[in-house]
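To keep things clear, I will list the structure first and then write my remarks on it.
The values are calculated or read from the model by the stated rules, or taken from the named source; none is laboratory data. Quick caveat, the model's predicted, so the values are computed rather than measured. Cβ sites come from the backbone with ideal geometry, for glycine too, and all protein chains shown count toward neighbours.
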Amino acid sequence: MAIAKKVPEMLSKQISFCPGCGHGVVVRLIAECVEELKMEKNVIFNVGVGCYSLATPSIEADKFDTLHGRASAVATGFKRCNPDTLVISYQGDGDAYSIGIGESFSAAYRNENITVITVNNTNYGMTGGQMSATTMPGQKTTTSPLGRDCNTTGMPIKFPEMVAATFPNAAYVARGAVTTPKYVNQLKKYIMNALKAQMNNEGYSLIEVLSPCPTNWGMTPLQALGRVNKELVDYYPLGEFKTRKVK
Amino acid sequence: MKKVLIREERCKQCGICVDACPKNAISYSSEINSNGYQPVVIDDDLCNGCGICYTMCPDWVFEILGDRG
């Protein structure tokens with residue numbers, strides 16, 4: 001028996017990402033979870049600066065475009081003033097891990113009761129594919145034309161592992177991907193757990209999503225999915241690093 | 001019987017659904033939409049309404065009708 005599936009009401013406008021970009025799937029999954037929790041009138045999206053800023057015109061819910069990298073700090077303010085509102089901070093890897101690592105880390109350190117969703121595509125997509133903190137060793141970008149040299153630029157950052165290992169009171173930490181139907185369904189479960197943890201006042205929840213960037217990787221959409229499945233999943237393992245104590 | 005609705009104007013011809021479809025029911029239309037892409041079409045004889053195209057599509061093109069089909 002086929003199950004009816006419809007894109008949530010709040011996503012009624014066309015989205016303007018590049019063909020094959022993973023952001024569309026992540027936005028849809030968040031909207032589905034918010035709709036299933038019946039929180040669409042009581043949610044606020046804090047969106048950092050990056051390609052995903054293009055998503056805000058398509059989301060018909062409360063949203064706030066924050067300063068670059070400061071989405072976790074702004075989300076903290078919203079949550080402390082409105083404890084009953086579902087606060088989602090939607091960021092990219094350059095926004096959350098390079099420019100905003102102080103704010104991201106401090107929000108985790110204070111165990112703020114917010115949900116942070118970061119989309120990791122291993123470069124700065126919006127400005128033309130520069131090297132970011134999560135660029136893979138040897139990956140060619142516009143600012144590392146010979147490939148990333150880890151002797152001078154360090155190793156790619158693994159923020160979820162860092163949070164799970166450092167802060168034992170964080171509520172939920174996981175990493176998913178959007179490149180196969182199995183990963184997408186798993187990711188929806190992770191996002192649902194994170195939002196439920198926030199509604200249950202359990203503390204900080206973080207989801208990292210591995211997403212393809214065909215335009216800046218110089219690949220077709222299918223080649224980009226293949227790169228995530230072959231190369232990135234080895235370095236950035238998928239799964240839950242910290243599960244909820246209360247089920 | 002129609003099992004899936006397609007919003008052709010949203011399609012960007014990335015090919016992810018064509019690759020993911022387990023029944024190989026999806027192909028490209030010969031028409032061109034307003035953005036200049038050839039949107040996907042579904043062969044309703046092959047389609048079984050599993051919804052994997054909905055799961056994988058980054059541009060919110062598909063709607064699975066389920067029992068309403």
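Test A:THR180 against the stated conditions and say whether it is within 19 Å of the chain's Cα centre (by Cα) and closer than 29 Å to A:ARG28 by Cα. For A:THR180, the condition - within 19 Å of the chain's Cα centre (by Cα) and closer than 29 Å to A:ARG28 by Cα - is met.
Listed by position, the strands (runs of 3 or more DSSP E) inside the range A:1-92 whose residues that are without any contact (Cβ under 8 Å) to a residue 24 or more places away in the chain and either more than 21 Å from A:GLU208 (Cα to Cα) or touching a strand residue (DSSP E or B) at 6+ places or on another chain (Cβ under 8 Å) (or both) number at least 2 are A:62-65.
Among the residues of the range A:128-143, is there at least one that is within 14 Å of chain B (Cβ to nearest Cβ), basic (Lys, Arg) and surrounded by fewer than 19 Cβ atoms within 10 Å (Cβ to Cβ)? There is no residue in the range A:128-143 that is within 14 Å of chain B (Cβ to nearest Cβ), basic (Lys, Arg) and surrounded by fewer than 19 Cβ atoms within 10 Å (Cβ to Cβ).
Inclusion of A:GLY24 among residues that are away from chain B (no Cβ under 12 Å), under 21 Å from A:ALA177 (Cβ atoms) and surrounded by 21 or more Cβ atoms within 10 Å (Cβ to Cβ) is not warranted. Please tell me if A:THR135 is under 18 Å from A:LEU232 (Cβ atoms), assigned to a loop (DSSP other than H, G, I, E, B), in contact (Cβ under 8 Å) with a residue 12 or more places away in the chain and within 14 Å of the chain's Cα centre (by Cα). Answer is no for this residue.
Filter the range A:159-201 for residues that are part of a loop (DSSP other than H, G, I, E, B) and surrounded by fewer than 20 Cβ atoms within 10 Å (Cβ to Cβ); which is nearest to the other protein chains (Cβ to nearest Cβ)? Going through the qualifying residues, I end up with A:THR180. In summary, A:GLU208 fulfils each of the numbered conditions (1) in contact with a Gly (Cβ under 8 Å, 6 or more places away or on another chain); (2) surrounded by 15 or more Cβ atoms within 10 Å (Cβ to Cβ); (3) at pLDDT below 95 with the single exception of condition (3).
Please determine, by comparing only the residues of the range A:27-42 that are over 17 Å from the mean Cα position of the chain (by Cα) and not acidic (Asp, Glu), which one is surrounded by the most Cβ atoms within 10 Å (Cβ to Cβ). Top of the filtered list is A:MET39. Taken over the range A:94-132, the criterion of being in a helix (DSSP H, G or I), closer than 21 Å to A:PRO237 by Cα and in contact (Cβ under 8 Å) with a residue 60 or more places away in the chain is satisfied by A:ALA96, A:TYR97, A:ALA108.
Of the residues in the range A:234-243, none is within 14 Å of chain B (Cβ to nearest Cβ), under 15 Å from the mean Cα position of the chain (by Cα), surrounded by 14 or more Cβ atoms within 10 Å (Cβ to Cβ) and part of a loop (DSSP other than H, G, I, E, B). Sub-6 Å Cβ pairs linking a first residue in the range B:17-43 that is without any contact (Cβ under 8 Å) to a residue 24 or more places away in the chain to a second residue that is aliphatic (A, V, I, L, M) and in a loop (DSSP other than H, G, I, E, B), at least 6 apart or interchain, are B:ALA25/B:LEU46; B:ASP43/B:ALA25, ordered by first then second residue.
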